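Asker: Sharing a structure below in structure tokens format, with a few things to ask.
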């Protein structure tokens with residue numbers, strides 16, 4: 001990682017869960033404070049904890065905006081940004097509490113927030129209502145997301161009311177204009193630094209090992225959840241915090257269900273299996289899909305359909321260059337897939353007849369078998385933040401943007417418009433692409449996806 005110190009050189013979190021990426025988050029804070037400018041403050045809250053059932057909680061995952069600016073992973077946290085203040089970055093966090101920590105794990109406390117996370121000042125979360133009015137004085141605009149939590153909204157209104165009373169004596173501003181912080185923050189998050197690209201590349205490296213492990217675990221008679229276990233076990237073994245999203249392992253006709261999460265069916269000889277899984281590392285997630293034959297060998301028809309999808313992906317990746325529109329990448333993939341559908345007999349006409357291809361695209365007939373978009377932004381969230389349209393038009397790609405490229409063909413098992421030999425085939429191929437000043441950078445390159453490459457890898461895995 002070019003801009004990242006080695007793990008051993010970084011301060012560790014109190015819970016022992018890995019390094020604090022202090023320089024990265026400090027740069028993000030500096031950018032935010034500069035963009036906010038004079039008179040504008042920002043208030044961010046951590047993600048809530050959620051019960052799974054009874055009194056058992058889901059594993060906690062921090063709000064991505066809070067992660068972006070602080071790296072803080074504990075619940076019950078508030079960040080306050082005040083440009084121009086002597087202490088521009090304030091944190092309210094859970095206090096140290098030996099009794100509670102015996103049950104729920106070690107806490108950093110306000111001391112750790114300042115010593116390891118760069119807070120200029122930090123207090124217990126219990127101090128928020130008392131101290132917030134003073135922190136709002138002198139600012140006319142507050143970046144805060146209303147309507148997410150009614151209790152927070154009431155607390156903020158109360159704090160503003162108290163601040164107004166104090167302001168009468170000192171004749172200073174109190175926020176009377178409110179802006180969703182996403183307008184500023186999400187534009188920042190859309191453009192990845194070299195260090196963030198390194199983190200995404202590392203998430204992709206681990207993801208690749210997970211997919212290879214799943215390929216090795218694939219055989220007729222295995223269950224989808226066995227592949228899921230191989231993938232996610234590899235993620236943890238290699239230092240990933242968790243899957244960045246619920247892993248999809250769809251064998252046979254299950255691969256035609258875009259967000260299939262059950263992962264319980266048996267894998268059958270002669271079927272394909274579509275695996276969509278990505279590892280999260282230091283908050284950043286990969287998003288990769290591969291499709292391979294359960295028995296290790298593509299049938300002739302499977303190989304034909306697969307190559308169409310792969311050709312569409314390659315063409316779309318090549319289109320991820322500065323100046324291309326986000327929608328343009330999708331149009332490139334859709335055209336190649338539409339021509340492929342014509343060769344397969346799913347659509348009428350000669351695939352070399354440009355007018356006929358255009359007619360199918362205009363009528364959107366290809367959407368029966370390719371019903372989703374080709375790309376989405378990627379970063380701290382698997383469907384990361386950032387506008388897809390600006391000024392009423394599809395956004396143009398710029399250096400630092402990261403997007404997925406994931407074309408597919410999905411032919412339902414009961415699709416009477418499709419040739420019988422194609423029914424039940426679902427194929428998607430996905431990689432993570434960074435836009436650069438030059439050629440597109442594939443952050444998940446090297447994970448087998450060529451037909452011969454997949455077959456060779458699976459044969460080698462069976463021999464081993």
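Asker: Return yes when residue 446 is at pLDDT below 95, within 27 Å of the chain's Cα centre (by Cα) and part of a loop (DSSP other than H, G, I, E, B) and no when it is not.
Answerer: yes
Asker: Quick check: anything in segment 314-324 assigned by TED's automatic domain parsing to the domain that holds residue 450, crowded, with 16+ Cβ neighbours inside 10 Å and closer than 30 Å to residue 60 by Cα?
Answerer: no
Asker: Within segment 26-58, which residues are without any contact (Cβ under 8 Å) to a residue 60 or more places away in the chain and over 24 Å from residue 151 (Cβ atoms)?
Answerer: Correct list: 30, 33, 34, 37, 38.
Residue by residue, here is whether (1) under 19 Å from the mean Cα position of the chain (by Cα); (2) free of Cβ contacts under 8 Å to residues at least 24 places away in the same chain; (3) under 22 Å from residue 215 (Cβ atoms) holds:
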| residue | (1), (2), (3) |
| --- | --- |
| 249 | yes, no, yes |
| 276 | yes, no, yes |
| 293 | no, no, yes |
| 303 | no, no, yes |
| 308 | no, no, yes |
| 340 | no, no, no |
| 344 | no, no, no |
| 347 | no, yes, no |
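Asker: So, one more: Can you tell me which condition residue 52 does not meet? The list is (1) modelled with pLDDT of 95 or more; (2) farther than 19 Å from residue 380 by Cβ; (3) in a strand (DSSP E or B), and all the others hold.
Answerer: Unmet condition: (1).
Asker: Of the residues that sit in segment 216-229 and are in a helix (DSSP H, G or I) and surrounded by 22 or more Cβ atoms within 10 Å (Cβ to Cβ), which one is nearest to the chain's Cα centre (by Cα)?
Answerer: 228
Asker: Filter segment 5-46 for residues that are under 23 Å from residue 111 (Cβ atoms), at pLDDT 55 or above and either crowded, with 16+ Cβ neighbours inside 10 Å or in contact with a strand residue (DSSP E or B) (Cβ under 9 Å, 6 or more places away or on another chain) (or both) and give the result.
Answerer: 20, 21, 22, 24, 25, 26, 28, 29, 43, 44, 45, 46
Asker: If a residue must be surrounded by fewer than 19 Cβ atoms within 10 Å (Cβ to Cβ) and in a loop (DSSP other than H, G, I, E, B), how many such residues does segment 230-253 contain?
Answerer: 4
Asker: Right, something else. So which of 459, 393 is farther than 16 Å from residue 302 by Cα, touching a residue at least 60 places away in the same chain (Cβ under 8 Å) and under 28 Å from the mean Cα position of the chain (by Cα)?
Answerer: Being farther than 16 Å from residue 302 by Cα, touching a residue at least 60 places away in the same chain (Cβ under 8 Å) and under 28 Å from the mean Cα position of the chain (by Cα) holds for just one of 459, 393, which is 393.
Asker: With respect to the numbered conditions (1) in contact with a strand residue (DSSP E or B) (Cβ under 9 Å, 6 or more places away or on another chain); (2) in contact (Cβ under 8 Å) with a residue 60 or more places away in the chain; (3) part of a loop (DSSP other than H, G, I, E, B), which one is the sole condition not fulfilled by residue 413?
Answerer: The number of the failed condition is (1).
The values are calculated or read from the model by the stated rules, or taken from the named source; none is laboratory data. Worth saying up front: this structure is predicted, and the values here are computed from it rather than measured. When we count neighbours, we look across all protein chains shown, and the Cβ atoms used for this are built from the backbone with ideal geometry, even at glycine.
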